[in-house]
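> Have a look at the structure that comes next, please.
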């Protein structure tokens, strides 16, 4: 039943008015480590002279976060969840120029109350 | 003689670089603030709370995770200024504006995503800041930080929420 729902519901709240959590399926997580592109790094360095948004990095980190969410969602699908609640993000610099982005949450089966 | 000339030209180059950084940095900043203010006005109908639970009028409505992020850097002129200022301590205005711009921008991007799904409010909003390290390490730090805002967007009910 849960697998038929192709779109997973994601949220960083753990209690939902109008819904009931019918099954807890445990922690799911997804992470990705991305390094900066050399070309992008040079461009960002140039951009940093005048300040403002560093679009290359924004894009890079957004892509990585999306990837982390997708991996987390894949895990949630595998255990038969239809929602991941209480999602948290964390970013860590593991080496100069590389960042790990982690997304984690609780996989559940969420049902709408009538 | 030639040595002196080359030193002099280096100084001139640095001064020009600082000037360019200052002028373009200021232009960029005021343009960014104008755009922030305009979009904040356009998106004022989407309510943002850092409270966890939505009120009962949102019961059973659709929800989704929304997020916005931006990586902001400070320009070289202001960075040098901040470096000088930090000798005496106190507020570092140039970094304050950088982070303020970034945070408002990230909230706006989150709101834009919520607007696309037709949400009327965002609950449990969390703001995060992470510093990106540069290649040279901490000493020659590019002053840049990623600002993230995320929360759960809810589509409101058709009935007015004034209970």
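> Given (1) modelled with pLDDT of 85 or more; (2) part of a strand (DSSP E or B), where does residue A:92 come up short, assuming only one miss?
Of everything listed in (1) modelled with pLDDT of 85 or more; (2) part of a strand (DSSP E or B), residue A:92 misses just condition (1).
> Another question about this same structure. Determine whether residue A:45 is without any contact (Cβ under 8 Å) to a residue 40 or more places away in the chain, out of contact with any strand residue (DSSP E or B) (no Cβ under 9 Å at 6 or more places or on another chain) and within 11 Å of chain B (Cβ to nearest Cβ).
Values: without any contact (Cβ under 8 Å) to a residue 40 or more places away in the chain: yes; out of contact with any strand residue (DSSP E or B) (no Cβ under 9 Å at 6 or more places or on another chain): yes; within 11 Å of chain B (Cβ to nearest Cβ): yes.
Yes.
> If residue B:76 satisfies every condition in (1) at pLDDT below 85; (2) away from chain A (no Cβ under 11 Å); (3) in contact with a helix residue (DSSP H, G or I) (Cβ under 6 Å, 6 or more places away or on another chain) but one, which is the exception?
Going through the list (1) at pLDDT below 85; (2) away from chain A (no Cβ under 11 Å); (3) in contact with a helix residue (DSSP H, G or I) (Cβ under 6 Å, 6 or more places away or on another chain), residue B:76 breaks only (2).
> Would you call residue A:54 surrounded by fewer than 15 Cβ atoms within 10 Å (Cβ to Cβ) and at pLDDT below 95?
Details: surrounded by fewer than 15 Cβ atoms within 10 Å (Cβ to Cβ): no; at pLDDT below 95: yes.
No.
> Still on this model: Go through (1) more than 9 Å from every other protein chain (Cβ to nearest Cβ); (2) surrounded by 15 or more Cβ atoms within 10 Å (Cβ to Cβ); (3) touching a helix residue (DSSP H, G or I) at 6+ places or on another chain (Cβ under 8 Å) for residue B:103 and report which single condition fails.
Going through (1) more than 9 Å from every other protein chain (Cβ to nearest Cβ); (2) surrounded by 15 or more Cβ atoms within 10 Å (Cβ to Cβ); (3) touching a helix residue (DSSP H, G or I) at 6+ places or on another chain (Cβ under 8 Å) one by one, residue B:103 breaks only (3).
> Checking residue A:17 against (1) surrounded by fewer than 19 Cβ atoms within 10 Å (Cβ to Cβ); (2) in contact with a strand residue (DSSP E or B) (Cβ under 8 Å, 6 or more places away or on another chain); (3) over 24 Å from residue B:25 (Cα atoms): exactly one of these is not met. Which one?
Just one mismatch for residue A:17, condition (2).
> Filtering the stretch B:129-147 down to residues that are more than 7 Å from chain A (Cβ to nearest Cβ) and part of a strand (DSSP E or B), which residue is modelled with the highest pLDDT?
B:147
> Could you check the stretch B:114-123 and list, in sequence order, the residues that are assigned to a helix (DSSP H, G or I) and surrounded by 19 or more Cβ atoms within 10 Å (Cβ to Cβ)? Before the answer, list the steps.
If we filter the stretch B:114-123 for residues that are assigned to a helix (DSSP H, G or I), which is where we start, we get B:114-116.
Selection gives B:114 alone.
> Which one is surrounded by the most Cβ atoms within 10 Å (Cβ to Cβ) among residues in the stretch B:30-67 that are part of a helix (DSSP H, G or I) and facing chain A (nearest Cβ under 7 Å)? Talk me through it step by step, then tell me what you get.
Going through the stretch B:30-67, the residues part of a helix (DSSP H, G or I) turn out to be B:30-42, B:56-58.
Okay, now just the ones that are also facing chain A (nearest Cβ under 7 Å), so B:32, B:56, B:58.
Details: B:32: 19, B:56: 12, B:58: 21.
The residue in question is B:58.
> Now for a different question. Please enumerate the residues belonging to the stretch A:6-42 that are modelled with pLDDT under 85, within 20 Å of the chain's Cα centre (by Cα) and more than 13 Å from chain B (Cβ to nearest Cβ).
The one that is modelled with pLDDT under 85, within 20 Å of the chain's Cα centre (by Cα) and more than 13 Å from chain B (Cβ to nearest Cβ): A:6.
> Related question: Which of the residues belonging to the stretch A:48-82 are touching a helix residue (DSSP H, G or I) at 6+ places or on another chain (Cβ under 8 Å), farther than 30 Å from residue B:18 by Cα and either at the interface with chain B (Cβ under 9 Å from one of its Cβ atoms) or outside any helix (DSSP H, G or I) (or both)?
Within the stretch A:48-82, A:80, A:81, A:82 meet the criteria.
The values are calculated or read from the model by the stated rules, or taken from the named source; none is laboratory data. Note that this is a predicted model, so its numbers are computed, not measured. Every residue, glycine among them, receives a Cβ derived from its backbone with ideal geometry; neighbour counts consider all protein chains shown.
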